[in-house]
Structures are given as C-alpha cells and as structure tokens.
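The values are calculated or read from the model by the stated rules, or taken from the named source; none is laboratory data. What you see is a predicted model; the values in this text were computed from it and never measured. Every residue, glycine among them, receives a Cβ derived from its backbone with ideal geometry; neighbour counts consider all protein chains shown. Note: areas computed on protein heavy atoms with side chains; ligands, DNA, RNA excluded. Shrake-Rupley method; radii C 1.70, N 1.55, O 1.52, S 1.80 Å.
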Amino acid sequence: MFKVNQRIEIIVPGRDGLAEQYRSRIEDITTENMTIAMPMSKGLPVLMRRGEIFFGRTVINSLAFEFTSALLAKQINPLPIWIVAVPYNIKKIQQRAFVRLDVALPVQIAKMEDGQVIDEPVINAVTKDISGGGIQIATTNEWQIGSKLLVTVDYQDIGAITLKSEVVRVQQPQPDRVLFWVGIKFLEISERDRGNIIKFIFKKQLEQRRKGLE
C-alpha cells in the first residue's frame with residue numbers, strides 16, 4: 001500500500017509535549033526499511049534521535065491510514081532523508097482521528113446536567129484505550145449516548161486531568177454479562193492538556209516497542 005513518491009504526514013512529540021506534524025514523501029521502500037524525505041520545520045531539519053518512535057498518516061484512494069514507525073538513520077547528502085522502519089500497526093482512521101493507545105488507567109466519572117455535576121456517587125472505572133480526543137472505558141454502568149460526564153483520568157507521569165465529556169458510543173461485548181465499553185469524547189480540552197496526553201501516549205508506545213525488542 002506504500003509507494004515511492006507517496007505523500008505522508010509525520011507526527012512527532014514536540015516542545016511542551018504538543019504533537020507536531022510535518023509533511024514528507026516516500027523516496028524508497030524495501031522489505032527491510034523505508035526512506036522518506038527529511039521532515040523540515042522553517043527550513044531546518046526536524047530533530048529526532050535514532051530509535052525514536054513516531055506516527056505517520058497517509059491517504060490512499062480517499063481513505064486515511066495511520067501507522068507507526070521509528071527512525072533508524074538519517075543523512076543530509078546528497079539528499080536530506082530519514083531511513084525508517086517499515087510501517088506497522090497500520091489502521092484505517094477518520095481524517096481527524098487521534099492516535100489511540102490500549103492501556104488500563106483509573107478513571108473517576110461524575111454525571112453532569114446543565115453543565116453542573118449532579119449529586120450522585122462518583123463512578124470508578126478503568127480505561128480500555130485513550131487518545132488525545134477521548135477515551136473508551138470498561139464499566140458496569142450503562143450511560144445513554146449523549147450523557148454529559150465530568151471525567152478524571154490519572155495519567156500517572158503527567159498526573160490527573162479532569163475534563164467535561166460526552167458519551168458517544170456504548171457497546172455490550174458479552175450479552176450475558178453486565179459489562180459495557182463506553183466511548184467518551186472530550187468536549188472541552190486545552191491544547192496543553194491534549195499535548196500532555198499525546199506525549200504520554202508516545203512514551204507508552206515507545207516503552208512497549210522497547211519491551212518487544214528485548
């Protein structure tokens with residue numbers, strides 16, 4: 001699915017944890033690695049160290065795909081290029097989707113009405129996956145789609161983040177078991193909080209990749 005001269009978008013963690021996006025293209029591809037044009041920012045090469053993980057996106061036949069790779073080597077002459085790992089974890093995504101990470105993190109959830117937390121017990125749950133745009137949780141509580149929630153997720157290294165959110169999807173994976181997978185979208189989130197979450201995801205994916213190489 002990847003071809004020479006194909007346009008791709010490179011996504012790397014930048015300053016203050018904010019994800020930064022750069023344009024590139026595929027210069028060559030083999031069974032062992034892929035060569036891409038070195039991403040540039042204001043005329044200067046994007047700084048990444050060998051072995052660092054990054055994410056990419058590309059559009060094929062009007063469909064958007066996301067992939068994971070890592071920087072293997074780079075050179076300036078005769079052309080500025082990155083030599084990167086062959087893409088893996090290739091997934092079809094919505095054009096504006098955020099990178100997702102399967103991880104279990106503690107969550108506290110309070111129901112909201114008219115923008116205010118109502119006087120009900122706080123529900124404790126655990127995430128099934130997370131992204132910069134929302135989370136999916138595993139819970140015994142079945143909220144209705146459209147329910148407004150105040151969600152607090154403990155992201156360990158970066159601390160707890162509390163955000164106003166909305167239920168956008170509810171699934172019951174096993175009909176005979178009271179367990180629901182609830183998709184939750186963040187309604188109000190600062191760029192700093194989103195950047196910190198994306199930085200957390202990058203770090204965890206890098207840790208997982210390193211464990212896989214041990």
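Just to be sure I understand the filter: pairs with C-beta atoms under 9 Å, separated by 6 or more residues or on different chains, first member in region 157-174 and closer than 19 Å to L105 by Cα and without any contact (Cβ under 8 Å) to a residue 24 or more places away in the chain, second member of a type outside the set (F, W, Y) and loosely packed, with under 12 Cβ neighbours inside 10 Å. Which pairs pass?
E166/I145; E166/G146
Test of understanding: among N124, N89, which residue is on the phi > 0 side of the Ramachandran plot and either without any contact (Cβ under 8 Å) to a residue 40 or more places away in the chain or part of a strand (DSSP E or B) (or both)?
Being on the phi > 0 side of the Ramachandran plot and either without any contact (Cβ under 8 Å) to a residue 40 or more places away in the chain or part of a strand (DSSP E or B) (or both) holds for just one of N124, N89, which is N89.
Would you point out which residue out of T31, T35 is open to solvent by 60 Å² or more (accessible area, probe 1.4 Å), of a type outside the set (K, R) and more than 21 Å from I130 (Cα to Cα)?
Result: T31 is the single residue among T31, T35 that is open to solvent by 60 Å² or more (accessible area, probe 1.4 Å), of a type outside the set (K, R) and more than 21 Å from I130 (Cα to Cα).
Can you work out which of the residues in region 73-85 that are among the β-branched types (V, I, T) and at pLDDT 95 or above is most open to solvent (accessible area, probe 1.4 Å)?
I83
Quick one: count up the residues across region 175-194 that are within 21 Å of the chain's Cα centre (by Cα), open to solvent by 30 Å² or more (accessible area, probe 1.4 Å) and not polar (S, T, N, Q).
Filtering region 175-194 for residues within 21 Å of the chain's Cα centre (by Cα) gives 181-194.
This time we only want the ones that are open to solvent by 30 Å² or more (accessible area, probe 1.4 Å), so: 181, 185, 187-194.
Now drop any that are not not polar (S, T, N, Q), which leaves 181, 185, 187-189, 191-194.
Residues that pass the stated criteria total 9.
Return the pair list, or none, for Cβ contacts closer than 8 Å from residues in region 26-55 that are closer than 10 Å to L71 by Cα and charged (D, E, K, R) to residues that are modelled with pLDDT under 90 and outside any loop (DSSP other than H, G, I, E, B), at least 6 apart or on different chains.
E52/V12; E52/L206
Out of all the residues in region 129-174, which are small (G, A, S), assigned to a strand (DSSP E or B) and surrounded by fewer than 18 Cβ atoms within 10 Å (Cβ to Cβ)?
Matches in region 129-174: A138, A160.
State yes or no: is I10 under 30 Å from I158 (Cβ atoms) and in contact with a Pro (Cβ under 8 Å, 6 or more places away or on another chain)?
yes
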